[in-house]
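**Q** Once you've had a glance at the structure underneath, I'll fire off some questions.
The values are calculated or read from the model by the stated rules, or taken from the named source; none is laboratory data. Only a predicted model underlies this, so the values are computations on that prediction, with no experimental measurement involved. For neighbour counting, all protein chains shown are included, and Cβ atoms are generated from backbone atoms with ideal geometry for every residue, glycine included. These accessible areas exclude ligands, DNA and RNA; they are computed on the full protein's heavy atoms, side chains included. Shrake-Rupley method; radii C 1.70, N 1.55, O 1.52, S 1.80 Å.
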Amino acid sequence: MVSVYLTLSKYFLNQKTGMTNNGKSESNQMKIGIEAMAFEVPDHYLDITDLAKARGVDPAKYTSGLGQKQMGVASPCEDTVVLAAGAGQRLLANFDIDPQSISLLIVGTETGIDHSKPVSSYVHQILGLSSQCRVFEVKHACYGAMAGLTTAVNYILSGRAKGRKALVIASDIARYGKNTLGEPTQGAGAVAMLVSDNPRLLEIDHQNEGFFASQVMDFWRPLYSKEAFADGHFSIQCYLDALSGAYNLYKAGVCEGNGAPSQPVGNGSFSGRFEACLYHVPFVKMAQKAHQRLLETDEGQSFEKDSPQAKAAQQDFEKRVAPALELNARVGNIYTGALFLSLAYLLENSADKLAGKPISLFSYGSGCGAEFMGAKVVEGADRLMKAVSYKDILAKRKPVSIERYEEILDACSKMDLNGEENICDPAKWDIKRPVVYLGTQNHKRVYSVNGVVLN
Ligand code: HMG
């Protein structure tokens with residue numbers, strides 16, 4: 001009798017707390033993560049060597065010093081909405097997703113188009129999503145989409161989605177302007193991710209989290225400027241300090257609690273458990289600096305230049321980080337989407353080797369906010385991602401000369417002025433995509449989809 005009473009009271013207690021009989025909560029055991037993913041880039045790109053020559057800089061500084069090859073150049077017809085919609089449309093088509101199954105749309109961007117109206121409202125219309133959908137935009141420099149991803153995971157975890165899905169899109173145009181130190185680290189593009197309880201690409205560790213925040217003036221884009229200002233070298237330090245802070249919190253959480261494995265695996269350090277380490281990539285070399293900082297944080301000391309530890313960190317970077325960076329080198333910084341561009345490339349090209357293995361993701365947004373996340377690659381992710389290969393997407397791009405690139409930059413400074421719609425003529429910029437921005441008329445942004453102007 002006593003035992004029946006104890007069993008029943010435990011049952012009712014578990015009902016209240018959501019715990020199962022083995023003491024773990026049902027929500028903790030839920031698989032949540034990325035079910036589908038796609039990215040979009042502008043129709044044109046600039047070769048980074050051409051930029052270096054035009055600026056009188058040794059090309060090796062941009063190629064080996066920063067690690068870049070090309071950068072996406074968005075024309076006046078390709079704004080934040082257009083790139084976000086392109087990524088979203090590709091995701092829905094490639095993965096055969098019913099737009100009506102989406103009940104949350106978050107667009108992370110730091111390339112706003114209006115003080116009030118979010119990018120997400122236009123994207124919601126263009127993608128044909130249901131009106132029973134929570135729709136908003138998130139801004140926190142490059143961290144906005146990671147904040148969106150965490151919010152989406154929590155939404156699914158809450159149980160309130162009831163089988164519906166969340167769409168998170170990162171979309172940005174990185175611009176510092178002509179003859180600035182940041183110029184070779186520009187780029188543009190968008191990444192769309194569908195988050196659900198059917199993660200066919202990536203399972204996210206929703207039991208542990210690591211974040212960091214600090215008010216710093218490392219990078220900002222004032223309201224009067226389309227171009228960003230950066231205290232470049234300081235921003236690198238801010239990024240690295242935020243990485244240590246977020247990583248330490250994640251590590252402490254895993255080691256201290258909730259049933260996750262606490263024993264170091266892999267090379268013996270905590271981070272050795274991750275088969276691949278992904279970082280926010282403003283330029284490829286930054287991921288290398290970040291990876292060394294991760295290993296230094298494990299060791300509790302910094303590595304001297306050319307020391308055996310620094311050399312080992314370089315080798316480890318080649319093995320666990322570099323294989324994800326090709327798209328970043330060819331598209332440039334896409335701010336909110338830069339980390340996820342690495343993820344898309346990794347899933348397409350290495351998921352066969354990584355199936356079932358843990359990886360890490362680190363997002364940094366200047367200002368600053370950062371997050372370190374653990375995840376697991378799902379078997380078969382490479383096959384799904386290969387349905388539309390990154391090679392085909394990049395092969396459709398056309399190169400621009402330095403003169404044309406500068407003409408585009410000049411035109412973009414006027415693309416949002418009321419009544420300057422001639423600047424956004426798709427034919428003038430050789431833009432052939434289905435969704436285009438046609439300029440601002442009567443103080444309203446005008447978009448067309450397959451030649452039909454939206455109301
Ligand atoms: P810089 O002063 O032009 O470059 O600025 P540098 O002198 O530091 O040189 C860069 C690297 O090239 C160095 O390598 C040089 O040694 C090497 P390192 O020592 O760092 O390993 N180098 C050469 N290599 C080969 N041959 C040569 C040669 N010359 C030099 N001839 C900087 C570089 C990144 C600061 C600049 O481009 C910049 O300000 N960029 C924008 C800011 C940025 O990207 N910050 C990154 C961290 S903050 C972040 O990621 C957030 C962000 O995405 C925004 C957001 O959150 O929204 C930016």
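**Q** Scanning for something within 13 Å of the ligand (Cβ to nearest atom), assigned to a helix (DSSP H, G or I) and open to solvent by less than 40 Å² (accessible area, probe 1.4 Å), does region 146-169 turn up at least one residue? Spell out the reasoning first.
**A** To start, the set of residues in region 146-169 that are within 13 Å of the ligand (Cβ to nearest atom) comprises 146-147.
With the extra rule that they be assigned to a helix (DSSP H, G or I), the set shrinks to 146-147.
If we keep only those that are open to solvent by less than 40 Å² (accessible area, probe 1.4 Å) as well, we get 146-147.
Scanning region 146-169 turns up at least one residue that is within 13 Å of the ligand (Cβ to nearest atom), assigned to a helix (DSSP H, G or I) and open to solvent by less than 40 Å² (accessible area, probe 1.4 Å).
Yes/no per residue for (1) open to solvent by less than 30 Å² (accessible area, probe 1.4 Å); (2) at pLDDT 95 or above; (3) within 16 Å of the ligand (Cβ to nearest atom):
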{"position": "Val191", "(1), (2), (3)": "yes, yes, yes"}
{"position": "Leu201", "(1), (2), (3)": "yes, yes, no"}
{"position": "Pro222", "(1), (2), (3)": "yes, yes, yes"}
{"position": "Ala228", "(1), (2), (3)": "yes, yes, yes"}
{"position": "Phe234", "(1), (2), (3)": "no, yes, yes"}
{"position": "Gln237", "(1), (2), (3)": "no, yes, yes"}
{"position": "Pro264", "(1), (2), (3)": "no, no, no"}
{"position": "Ala276", "(1), (2), (3)": "yes, yes, no"}
{"position": "Phe283", "(1), (2), (3)": "yes, yes, yes"}
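**Q** Still on this structure, I have one more. Only one residue in Glu379, Glu318 is within 16 Å of the ligand (Cβ to nearest atom), modelled with pLDDT of 95 or more and open to solvent by 10 Å² or more (accessible area, probe 1.4 Å), so which one is that?
**A** Selected residue: Glu318, the only one of Glu379, Glu318 that is within 16 Å of the ligand (Cβ to nearest atom), modelled with pLDDT of 95 or more and open to solvent by 10 Å² or more (accessible area, probe 1.4 Å).
**Q** Would you point out which residue out of Ile106, Ile97, Ile126, Ile113 is open to solvent by less than 50 Å² (accessible area, probe 1.4 Å) and in a helix (DSSP H, G or I)? Give the derivation first.
**A** Working: Ile106 fails: in a helix (DSSP H, G or I); Ile97 fails: in a helix (DSSP H, G or I); Ile113 fails: in a helix (DSSP H, G or I).
Answer to the check: Ile126.
**Q** Moving to a separate point now. Is there any pair linking a residue in region 34-60 that is within 18 Å of Asn179 (Cα to Cα) and small (Gly, Ala, Ser) to one that is within 12 Å of the ligand (Cβ to nearest atom) and open to solvent by 10 Å² or more (accessible area, probe 1.4 Å), with Cβ under 6 Å and at least six apart or on different chains, and which?
**A** Ala52/Pro59; Ala52/Tyr62
**Q** Additional query: Restricting attention to region 129-145, and to residues there that are within 14 Å of the ligand (Cβ to nearest atom) and of a type outside the set (D, E, K, R), which single residue is surrounded by the most Cβ atoms within 10 Å (Cβ to Cβ)? Lay out the reasoning, then the answer.
**A** Initial filter on region 129-145 (within 14 Å of the ligand (Cβ to nearest atom)): 138-145.
Next, from what is left, pick out any that are of a type outside the set (D, E, K, R): 138, 140-145.
Working: Val138: 22, His140: 21, Ala141: 23, Cys142: 31, Tyr143: 29, Gly144: 27, Ala145: 33.
Per the criteria, the residue is Ala145.
**Q** Here's another thing I want to ask about it. Taking into account only those residues within region 170-189 that are aliphatic (A, V, I, L, M) and in contact with a Gly (Cβ under 6 Å, 6 or more places away or on another chain), which is surrounded by the fewest Cβ atoms within 10 Å (Cβ to Cβ)?
**A** Checked region 170-189; the qualifying residue surrounded by the fewest Cβ atoms within 10 Å (Cβ to Cβ) is Leu181.
**Q** When region 446-455 is examined, which residues are found to be surrounded by fewer than 19 Cβ atoms within 10 Å (Cβ to Cβ) and within 24 Å of Gly72 (Cβ to Cβ)? Please lay out each step first, then the result.
**A** Taking region 446-455 and keeping what is surrounded by fewer than 19 Cβ atoms within 10 Å (Cβ to Cβ), we get 446, 448-455.
The answer is Val446, Ser448, Val449, Asn450.
**Q** Assuming Leu295 fulfils every condition listed in (1) farther than 30 Å from Asn94 by Cβ; (2) away from the ligand (no atom under 15 Å from the Cβ); (3) open to solvent by less than 10 Å² (accessible area, probe 1.4 Å) apart from one, which condition is it?
**A** Condition (3) is where Leu295 drops out.
**Q** Can I ask one more? Quick one: which residue in Ala370, Ala411, Ala387 is within 16 Å of the ligand (Cβ to nearest atom) and in contact (Cβ under 8 Å) with a residue 24 or more places away in the chain?
**A** Ala370 is the lone residue from the list that is within 16 Å of the ligand (Cβ to nearest atom) and in contact (Cβ under 8 Å) with a residue 24 or more places away in the chain.
**Q** Please identify the pairs in which a residue from region 244-256 that is open to solvent by 30 Å² or more (accessible area, probe 1.4 Å) has its Cβ atom under 9 Å from the Cβ atom of a residue that is charged (D, E, K, R) and part of a helix (DSSP H, G or I), counting only partners at least 6 apart or on another chain.
**A** Note: pairs meeting the criteria are Lys251/Asp298.
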